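To start, the structure under review is shown below, and the notes come after it.
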Amino acid sequence: MFLFIFIGVPLAIAGFLPLISRVSRRLLPDFLSNLCFVLLLAASVSIFNLWPGAGRFSHNLQWFGSNLNLALALDGLNVLMLFTVSVVSLAVGLFSINYIDRYGSRAIYYAILLVLVASINGIILATDLFTMYIFIEAAGIASYGLVALGRTRNSTEGAFKYLILSGVASSFILSGIALIFIKTGTTGIREISMAKNSITELSLILFIAGFGLKCALVPFHFWMPDAYTAAPAVMPAMSSGIFVKTAGVYAICRVFFNVYGLTPAVSSVMVYLGVISILAGAFLALGQTRLRRMLAYSSISQVGYIILGLGIGTPLGIIGGLLHLFYHSIFKTLLFLNAGAVEYATGTDESVDLGGLGGRLPFSSGTNIIGLLSAAGVPPLNGFWSKLIIVIALIQVKMFLYAFIAIFASVVTLWYLLLIQRRVFFGKLKESLKQVVEVPFWMTFSMAALAFVCVWTGVVFASFISEWVLPAATVLLDGLKSSLNTFMIGG
Amino acid sequence: MTAFLLAGTMVFAALAVFLKDMLKAVICLLISSVFLGIIFFRLNAPFAGVFEISVVAGLIVVLFILTISLTGGQKSFVEPSISLPIFLVLFFIFSYVLFVGIFRSGPAEEPVSMVEEYSKIGEVLWMGRALDTVGQISVIFAGVFVLLCVVGRKRDDK
């Protein structure tokens, strides 16, 4: 029953919130939603402590001794993903307490956020590709809602573009699942990995295109900058922080490592897509003046690092990729929340109109520096270690050119992020910004907490790898065996 | 008859995409869904047919029309002349693929009895795929909340 908390509790509270919005417009939605996020974080840490540290467990839920036929699976990768989702969603939930006032009904906003979290947890815990697809769709619909929360024509246009491209991605994924079903007669992850000849080239291509669109890899990236620029800051924080990681990267991991088994061809495609994304994302970010647009391109580049690391397929590469997945979730959420804080305080995220805000927004400026240095991979912050491991993994397999590109793109990242920091926070304060004051407490608290996580997980990176990332990497390294050695508990 | 229904489904689905007038597009979607629902019935899949006609042709079309009326979409549109050639090209491509598929698929299987199918669908839904039902609840929740958000915004704007 414990695992179902991750889906059932946010979904139940989401259904309840619009009903209580008549009684309490502010306090109860804020309190209940954030209580739920705290509960999920506590549950993810408890699961980490309860989980034996190895193996994949499939749990068929029971209620008073009878089977509910709700099968959920837990392994090292799930544990890491659930923790990542819980940390990011709590940070965004706390940030929203002050931020979301200008975006309509608080109860509806939190309800959408909770459905998004429940669906993302559903993607992670699903034991079946079709179930995973349904939760990807649910999370996608909730994401369009978050994009459309912005009250401008651009946000509606961004949401529409996102809707259409996400629909295209979903149709690719569904077609891939249908092809597998035709071949094997099942959509269960374990059953497909047991079936012989389940691989069809067409389904692989469909999955690469579908999941590539979901995680905005180049050349499937064009929805991301528009959607992220148009939406309120909490949407890109949630999307870049966790949705892209689960509906894109996690699904790629599950399908290509545990369902198909990583073949040299898929590995090469992942490496190529990763390298192209790293370079294209970094260079496209250089020319941007709007904070969120630049961060969107930066996300494309950073997701490229994750895919590159995973695509190498060696133990070190996979550890680097998964470590960067967690670290990027933290520092990119922080950077998007910072951009939201700047926009909240000044009314714009156009860097050309900003300047000298360091004195007016000291906390936002400080946490932004930590976030950007992490993103650029400056030691001892967390982004440094994950990029270092990926580069070492590339050198290990003699991919020297790609290692050079990874280092070079990291320098470009530092360049454009410092440029933005200088434009927005340093220099002379503009006349029009003299009335600006620091953002309210919960926004500052949320950003400070994420900045602390950036520093702390960078300092204790070795123990973080051994306790959290290594079991997750083992799941991917085990490949097909991981799904085959699933232990059934209950029912 | 099936070929006629399939062609009708595709024609109206394509029109739903190409027409600029939202209301006309929604009506085309409705007709396309009805055709598809009839195909499901003819293929002995009554549950799929009922869902298709009630949910897609009924509920979703009502939601679309509601949204169009709320956002004031009933303006007069000049349909671009490029729509028709694109549609015709796509129509012939899809028709070709479809008919090749039909000719290659061989004779149809014997239909299962209705009673057998009822018990099978119930079993699949409640015994085998209960988590999918939870996923569907998430989809419905997400859709309703997004709609409430958009409708609320419209009210605020007024």
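The values are calculated or read from the model by the stated rules, or taken from the named source; none is laboratory data. Please read all numbers here as calculations on a predicted model, not as lab measurements. Ideal geometry is used to build each Cβ from the backbone, glycine not excepted, and the neighbour counts take in all protein chains shown. Remember, those area values only see protein heavy atoms, side chains included, never the ligands or the DNA or RNA. Shrake-Rupley method; radii C 1.70, N 1.55, O 1.52, S 1.80 Å.
Assorted remarks:
- Helical content of chain A, expressed as a calculated mean residue ellipticity at 222 nm, amounts to -23000 deg cm²/dmol (DSSP H runs of 4 or more residues, -39,500 (n - 2.57) each, divided by residue number, nearest 500).
- Measuring only protein heavy atoms, the 1.4 Å probe finds A:Trp385 accessible over about 50 Å².
- Each peptide in B:56-67, A:101-112, A:128-139 was scored by the mean count of other Cβ atoms within 10 Å over its residues; highest first, the order is A:128-139, A:101-112, B:56-67.
- Segment A:Ile407-A:Glu201, length gained on full extension (0.36 nm per residue, minus Cα span): 70.8 nm
- For the segment A:135-146, counting C-beta atoms of other chains within 10 Å of every residue's C-beta and taking the mean gives 5.
- Chain A: angle of helix A:291-312 to the longest principal axis, Cα-based, in degrees nearest 10: 30
- Accessible surface, 1.4 Å probe, highest first, among residues B:Arg42, A:Arg25, A:Arg190: A:Arg25, B:Arg42, A:Arg190
- In terms of its C-alpha gyration tensor, segment A:265-459 comes out prolate, because a/c is 1.5 or above and the ratio a/b outweighs b/c.
- Each residue of segment B:40-57 was assigned a 3J(HN,Hα) from its phi angle through the Karplus curve 6.51 cos²θ - 1.76 cosθ + 1.60 (θ = phi - 60°); the sequence is 4, 4, 5, 8, 6, 10, x, 4, 4, x, 5, 4, 4, 6, 6, 7, 6, 6 Hz, with glycine and proline shown as x.
- Using R0 = 25 Å, the C-beta based FRET efficiency linking A:Phe160 and A:Asp101 works out to 0.50.
- Area of B:Phe41 that stays accessible when all protein chains are in place (1.4 Å probe, Å², to 10): 100
- Relative to the current alpha-carbon distance between A:Phe283 and A:Asn49, full extension at 0.36 nm per residue lengthens the span by 80.0 nm.
- Neighbourhood charge, 15 Å Cβ-Cβ cut-off, centred on A:Val303 and excluding it, Lys, Arg +1 and Asp, Glu -1: +4
- Legend: calculated FRET efficiency, A:Ala12 to A:Phe181, from the Cβ-Cβ distance at R0 = 35 Å, rounded to 0.05, equals 0.65.
- Modelled spin-label separation between B:Val55 and B:Lys24, with each label point placed 7 Å from Cα along the Cα-to-Cβ direction: 3.0 nm.
- Cβ-derived FRET efficiency at R0 56 Å, A:Ala42 paired with A:Leu419, nearest 0.05: 0.90
- Inter-chain neighbour count for A:70-78: the average number of beta-carbon atoms from partner chains within 10 Å of each residue's beta-carbon is 1.
- With Cα atoms, 0 to 90° folded angle of helix A:441-459 axis to chain A main axis: 60
- For the segment A:100-108, counting C-beta atoms of other chains within 10 Å of every residue's C-beta and taking the mean gives 3.
- Point-to-point label distance, A:Val23-B:Gln136, nm (Cα→Cβ direction, 7 Å offset): 3.1
- Most to least accessible of A:Tyr344, A:Tyr272, A:Tyr228 (protein chains only, probe 1.4 Å): A:Tyr272, A:Tyr344, A:Tyr228
- Inter-label distance, nm, simple model (7 Å from Cα along the C-beta direction), A:Phe452/A:Val352: 4.0
- The apolar share of the surface of segment A:257-329, taken as the fraction of accessible area on carbon and sulfur atoms (1.4 Å probe, ligands and nucleic acids excluded), comes to 71 percent.
- Farthest toward positive dipole pole in segment A:390-479 [+1 Lys/Arg, -1 Asp/Glu at C-beta], among A:Phe426, A:Thr474, A:Phe404: A:Phe426
- Residue-wise HN-Hα coupling along segment A:464-476, computed from phi with Karplus coefficients 6.51, -1.76, 1.60 (Hz; x: Gly, Pro): 5, 4, 5, 8, 9, 7, 4, x, 5, 5, 4, 4, 6
- A:Lys430, A:Lys183, reordered so the largest accessible area comes first (probe 1.4 Å): A:Lys183, A:Lys430
- Degrees between helix A:362-376 axis and first principal axis of chain A (Cα, 0 to 90, nearest 10): 40
- Fully extended contour minus Cα-Cα distance, from A:Glu438 to A:Phe222, at 0.36 nm per residue: 74.4 nm
- Net charge dipole size for chain A [Lys, Arg +1 and Asp, Glu -1 on Cβ; Debye, nearest 20]: 540
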